[in-house]
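Remarks on the structure that follows.
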Amino acid sequence: MLGPSGSGKTTCLMMLAGFETATYGEIRLGGKPINNIPPHKRGIGMVFQNYALFPHMTVGENLSFPLEVRGIEKAERKKKVTNALDMVQMSEFIGRRPAQLSGGQQQRIALARSLVFEPELVLMDEPLGALDKQLREHMQYEIKHIHEQLGVTVVYVTHDQSEALTMSDRVAVFDDGRIQQLATPADLYERPENAFVAQFIGENNRFKTEIIEVKNDKVLARTATGSILSARKVNCGEVGTTSTLSIRPERVSVGLKGENTTKAKVLELIYLGDHIRCRMSVEEDNEFIVKVPNSLNHTHLEVGEETTVSWSSEDCRALDNGD
Amino acid sequence: MGLASGMESTKDNHNNVVITSDGIPLKKKLAKSLFQSRLRAFGLVAPLLLLILFAFVIPILIFLSRGVYNNTFERHMINLTPLISSWDSNSEPTEAMFEALVLDLKAGKKSKKIGKVATRVNRELSGTRSLFTSSARKAKKLKAPFKDSLIKANKKWDNLEVWRAMKLTSISVTPAFLASALDMKYNADGTFERKPEERRIHLQLFLRTLEISLIVVLAGLFLGYPIAYLLASLPVRTSNLLLILVLLPFWTSLLVRTTAWIAMLQGQGVLNDLSVVFGLATDEDRFSLIYNKTGTLISMTHILLPFMILPLYSVMKTIPPSYVRAAKSMGATNWTAFWRIYFPQTIPGIGAGGILVFILAISFYITPALIGGQDGTMISNFIDFHMRKTLNWSLAAAMGGVLLVLVLFLYWIYDRVVGIDNMKLG
Amino acid sequence: MKIKVLILSAVSSIALAASAAADSITVVSWGGAYTKSQVEAYHKPWASSTGNAVVSEDYSGGLAEVRAQVEAGSVTWDVVDVELSDAIVGCDEGLLEEIDSSMLPAAPDGTPATEDFMDGALNECAVGNIVWSTLYAYDKTKFDTAPTTMADFFDLEKFPGKRGMRKVAKNMLEMALMGDGVPSSEVYDVMNTPEGIDRAFAKLDTIKDSVVWWEAGAQPPQLLADGEVSMTITWNGRIFNAIASEGQPFGLVWDGQIYDLDLFVIPKGSPNKDAAMDFVKFATATKPLADQASWIPYGPVRASSIPLIGTFHSDASLQMIDHMPTTAEALKNGVQNDYMFWADNGEELNERFNAWLAK
């Protein structure tokens, strides 16, 4: 689950866990409705933002707690705790208290604890939010590996899109309390269904246009300066309504003629190694970004140079008005 | 460490000492600046330290010393003291001793200090007060041989018990008051014995004081825990309002609150009237809720409740709700989540509130004095009784000393069982 | 109270600065109706005749404050109204200034002061002013037949209801013995034997469960008025005021009463010793003592004051002389408190009394 803060993702997670009551609708887990099952009977594992490791218990006791309350025998408990700790490579810390561990170590223990009783579903509420960037990336892979290894379903809440794209099979983009799009990371990027998703996931260039013609899955739209652009019809209205056209920066070519060609003026060039990031003025938009690949015979641009940009109408998506 | 090793590399090659730019060894300079900052810190706390020392520690020590030191006899009976301290407690007092006694009685009459001596000896042997004061009035007219004339003036002087009591009081550093505070009697021959049964009271009072304090702590915990939990889990706006209600009693004086309980609990009071209305008691046979232990317990629990609630509240406030949620997500029932996860984390608050209430309760004074009646009074009421009524400050000091030792002992036990660092006021 | 006193002394010290001749003295007494009677009969007339100011302060008896002031060398009280036993002990311990009784004014008929005062009212350090009594009072509405003897106080069957008693051994033991049939004249003889003390405690045992213990003098009338007790030991002045001023339906039983003296003393080192002496001399003259008796029925200690006693200040139909502890009827089975006995045995008996209470 991905979305800006206040978009409702944590509330949704709490409803799954049973700590918030759903006022409308039904929650099903494996086909069974769970609305009226109290949290402790749902069998859902959970990792909290601040880890919620019990400070008065050792690591071992923390892990053994969910097994104890399930009435699992001592020997069995010990085995499971050891396995879970092995999985996160924390076996030697079994006798420590949470306060004696670093943030990353606590995170691993919290992870192990949520998995130790083999739940059907594990909920994670921004579990890596408190870690530094390097550790966070490392843990992202680790969680992903454990997930692949155990095959357990994980519902993961984050506000960090790269984290979401890295880790997920499917991402639900939240805004304003609604799921804007539920799709694979590739689909989200390649085929955003509305202006919010397009803008929230990755970089994109946008034009406010008016639809002047709709033909099958194509539309023609007029920009504020009067240029007519063609685009793929995704989520726009009828003729006469406004629509946001969205083009990814790397799908724009410079200097060449194409389906949609328009004038541009180079405002800024940033050398980034693998590509050159170019800020241009296009259709009165001074924030139009183009990524020029740093290939052997790429176009050489100068600041202030006037040129043209073009793109395929397949890559230009006509979306809702974006307000 | 990094700094030190950095310095290491700039060591002067010739004498191996790090020199600062003005030629003073670094170590010396560091020590100097450290000393200066410590001095400044000390200067800041010095006024408070001095205040505590002179207004709190020293007076307490001086007062406690009265519990083992009383030189009334030695100071005012200068002639008799050396003679009686070498007396064997069994042989007949000699003429020299009688002569010294008469000299001292005369001097005591003149300096008007004989009353003090009389009071002091009377504490060891009841009924001797008037012996000293009346004999002192006659002392001027007494002639040698003093033994006969003094015994003629009052035949009690012939009683060896009187002399033994004097010998006992002539020793200024004495365990007699401490013994008395523990219902024992210190004899002239250096032995201790328990007081006769009808005069034993202090041990019972110490026990009752402990009992009342413990019950108040437990009752406060029982009543305060849910309130603190409610306060900690409500939204801040509401909990602040409720917190004001908890603190409201602090805005009225202790005396007013205690008096209010009298109106509530007395025989013709609100609670009893209600009981009669609802048929729980008859008009003739009302509940005795006041002037006894029940009354003391009820009102002390009420008065000390905020001291239990506040530390509990501040500790509970710091426990994020995610702990209980985590426990529930792992399959713990509400009760297990509370008992295994929430409750252990509130122990520092329970410890702090418990110690606070216990220490306040053990020295509670006004409330038991007003509504304690016959079996609801506590040790501090007796310390006050000896301070203000019998003027036996030495006994009061000894009792205060015993109470202090008792509290320190309990504190030590608490430290061993719960751990003093496992206590948090917020 | 303290603040009020401070303000009063501040005001009077300003007054002092204004007229250097005037003195201000602090007179300490027991508060309530008693202090009021003294203010009316002593303080006001003395202040207006000398131009000095009097600051009135309350205390609850005992020598603790006097002792603390004298030993600390900062005496702020100039005249204190104390019980006889405290006057004797304070004098013996050197806490009080000596007062030469020959300087006291003679009676109007010329009888010298030393003969005019009753026994015990004059000693080296103190001058008596009143005779007061410890006795018991009852709520008339609670009984059909009025109790008449000390024995009735201990008879829970004939006179049911709770009893109020003072939480000290002094006088409670005497009353227990008189309630047990010991004539007032023999009480202290019996008390001087260990068996006598046992007998007194045994008698107290019989009503222990029905006793409400009080400590301050203002409590007993309140306990009666609230219906907390049906009978209570009290001081006669307090209960008289409840009857005369508030119209309470209380009765007094003089049988078994124990009377005692209150005296004026001057703490040693009083900064206004001369003015304090003058105040004592003034207050214990025949007329002021008699005047005081029209505010509260505490009898004057001067024989010459007795004929001058008038009526209650707010009710001319109440002849105060009838309510004094020193009338023939009141003295029929009454006894004077033996201060010597209590000075010698008070501590031991209080210790036993407290142990008995706590049992």
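The values are calculated or read from the model by the stated rules, or taken from the named source; none is laboratory data. Remember, predicted model here, so these are calculated numbers, not experimental data. Neighbour counts run over all protein chains shown; Cβ positions are idealised from the backbone, glycine included.
Assorted remarks:
- A single entry from B:173, B:121, B:162, B:117 fulfils the requirement of being under 19 Å from residue B:85 (Cβ atoms) and surrounded by fewer than 16 Cβ atoms within 10 Å (Cβ to Cβ): B:173.
- Identification of helices (runs of 4 or more DSSP H) wholly contained in the stretch B:343-425 with 2 or more residues that are more than 22 Å from residue C:347 (Cα to Cα) yields B:343-362, B:366-371, B:393-417.
- Residue within the stretch A:268-291 that is within 14 Å of residue A:310 (Cβ to Cβ), small (Gly, Ala, Ser) and surrounded by 15 or more Cβ atoms within 10 Å (Cβ to Cβ) present: no
- Near pairs, Cβ below 6 angstrom, 6+ apart or cross-chain, from the stretch C:102-119 (over 15 Å from residue C:283 (Cα atoms)) to any residue that is surrounded by 14 or more Cβ atoms within 10 Å (Cβ to Cβ): C:112/C:106; C:114/C:101; C:118/C:301
Residue-by-condition table, conditions (1) assigned to a helix (DSSP H, G or I); (2) exposed (fewer than 15 other Cβ atoms within 10 Å of the Cβ); (3) more than 14 Å from every other protein chain (Cβ to nearest Cβ); (4) over 14 Å from the mean Cα position of the chain (by Cα):
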{"position": "A:113", "(1), (2), (3), (4)": "yes, no, no, yes"}
{"position": "A:140", "(1), (2), (3), (4)": "yes, no, yes, no"}
{"position": "A:145", "(1), (2), (3), (4)": "yes, yes, yes, yes"}
{"position": "A:148", "(1), (2), (3), (4)": "yes, yes, yes, yes"}
{"position": "A:155", "(1), (2), (3), (4)": "no, no, no, no"}
{"position": "A:166", "(1), (2), (3), (4)": "yes, no, yes, no"}
{"position": "A:169", "(1), (2), (3), (4)": "no, yes, yes, no"}
{"position": "A:181", "(1), (2), (3), (4)": "no, no, yes, no"}
{"position": "A:193", "(1), (2), (3), (4)": "no, no, yes, yes"}
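- Among residues of the stretch C:241-279, those that are in a helix (DSSP H, G or I) and buried (at least 24 other Cβ atoms within 10 Å of the Cβ), counted: 2
- Residue A:187 out of contact with any helix residue (DSSP H, G or I) (no Cβ under 6 Å at 6 or more places or on another chain), assigned to a loop (DSSP other than H, G, I, E, B) and farther than 24 Å from residue A:283 by Cβ: no
- Considering the stretch A:115-138, and only residues there that are exposed (fewer than 15 other Cβ atoms within 10 Å of the Cβ) and under 12 Å from residue A:45 (Cβ atoms), the residue that is modelled with the lowest pLDDT turns out to be A:120.
- Tally of residues being among the β-branched types (Val, Ile, Thr), out of contact with any Asp or Glu (no Cβ under 9 Å at 6 or more places or on another chain) and under 26 Å from residue A:229 (Cα atoms) across the stretch A:259-291: 3
- Residues of the stretch C:315-359 classified as part of a loop (DSSP other than H, G, I, E, B) and either closer than 25 Å to residue C:189 by Cβ or within 10 Å of chain B (Cβ to nearest Cβ) (or both), total: 8
- When the criteria are applied in full, residue C:357 meets the requirement of being under 30 Å from residue B:122 (Cα atoms), of a type outside the set (Gly, Ala, Ser), modelled with pLDDT under 90 and out of contact with any helix residue (DSSP H, G or I) (no Cβ under 8 Å at 6 or more places or on another chain).
- Among the residues making up the stretch B:303-334, those that are surrounded by fewer than 24 Cβ atoms within 10 Å (Cβ to Cβ) and either in contact with a His (Cβ under 9 Å, 6 or more places away or on another chain) or of a type in the set (Asp, Glu) (or both) are B:332, B:333, B:334.
- Among the candidates B:112, B:156, B:116, B:140, the residue that is within 9 Å of another protein chain (Cβ to nearest Cβ) and touching a residue at least 24 places away in the same chain (Cβ under 8 Å) is uniquely B:116.
- The condition of being assigned to a strand (DSSP E or B), assigned by TED's automatic domain parsing to the domain that holds residue A:221 and of a type in the set (Lys, Arg) holds for only one of A:291, A:257, that being A:291.
- Taking each residue of the stretch B:313-339 that is free of Cβ contacts under 8 Å to residues at least 60 places away in the same chain and of a type outside the set (A, V, I, L, M) and looking for partners that are assigned to a loop (DSSP other than H, G, I, E, B) and buried (at least 17 other Cβ atoms within 10 Å of the Cβ) with beta-carbon atoms closer than 6 Å, six or more apart or interchain, yields B:322/A:48; B:322/A:52; B:323/A:52; B:325/A:19; B:331/A:69; B:336/A:69.
- The single condition among (1) of a type outside the set (Phe, Trp, Tyr); (2) within 12 Å of chain B (Cβ to nearest Cβ); (3) without any contact (Cβ under 8 Å) to a residue 12 or more places away in the chain that residue C:230 does not satisfy is (3).
- Of all residues in the stretch B:177-198 being part of a helix (DSSP H, G or I) and surrounded by fewer than 18 Cβ atoms within 10 Å (Cβ to Cβ), the one that is nearest to the other protein chains (Cβ to nearest Cβ): B:198
- Scanning the stretch A:125-152 for residues that are polar (S, T, N, Q) and farther than 28 Å from residue A:198 by Cβ gives A:134, A:149.
- Residue match in the stretch A:46-59 (condition: more than 12 Å from every other protein chain (Cβ to nearest Cβ) and among the polar types (S, T, N, Q)): yes
- Some residue of the stretch C:188-200 being at pLDDT below 90, buried (at least 22 other Cβ atoms within 10 Å of the Cβ) and in the same structural domain as residue C:351 (by TED's automatic domain parsing): no
- Scanning the stretch B:286-336 for residues that are within 11 Å of another protein chain (Cβ to nearest Cβ) and closer than 16 Å to residue B:257 by Cβ yields one hit, B:290.
- For the stretch C:39-94, a residue qualifies if it is farther than 21 Å from residue C:283 by Cα, more than 11 Å from chain B (Cβ to nearest Cβ) and not in a helix (DSSP H, G or I), and the qualifying residues are C:73, C:74, C:75.
- Some residue of the stretch A:60-76 being in contact with a Ser or Thr (Cβ under 6 Å, 6 or more places away or on another chain), without any contact (Cβ under 8 Å) to a residue 60 or more places away in the chain and either surrounded by 20 or more Cβ atoms within 10 Å (Cβ to Cβ) or in a helix (DSSP H, G or I) (or both): no
- Residue within the stretch C:164-173 that is assigned to a helix (DSSP H, G or I) and either more than 15 Å from residue C:258 (Cα to Cα) or assigned by TED's automatic domain parsing to the domain that holds residue C:202 (or both) present: yes
- For residue B:291: the one exception among (1) in contact with a strand residue (DSSP E or B) (Cβ under 7 Å, 6 or more places away or on another chain); (2) under 22 Å from residue A:56 (Cβ atoms): (2)
- When the stretch A:153-195 is filtered for residues that are within 15 Å of residue A:114 (Cα to Cα) and free of Cβ contacts under 8 Å to residues at least 60 places away in the same chain, the ones remaining, listed by number, are A:153, A:154.
- Test for residue A:245: is it hydrophobic (A, V, I, L, M, F, W, C) and surrounded by fewer than 17 Cβ atoms within 10 Å (Cβ to Cβ): no
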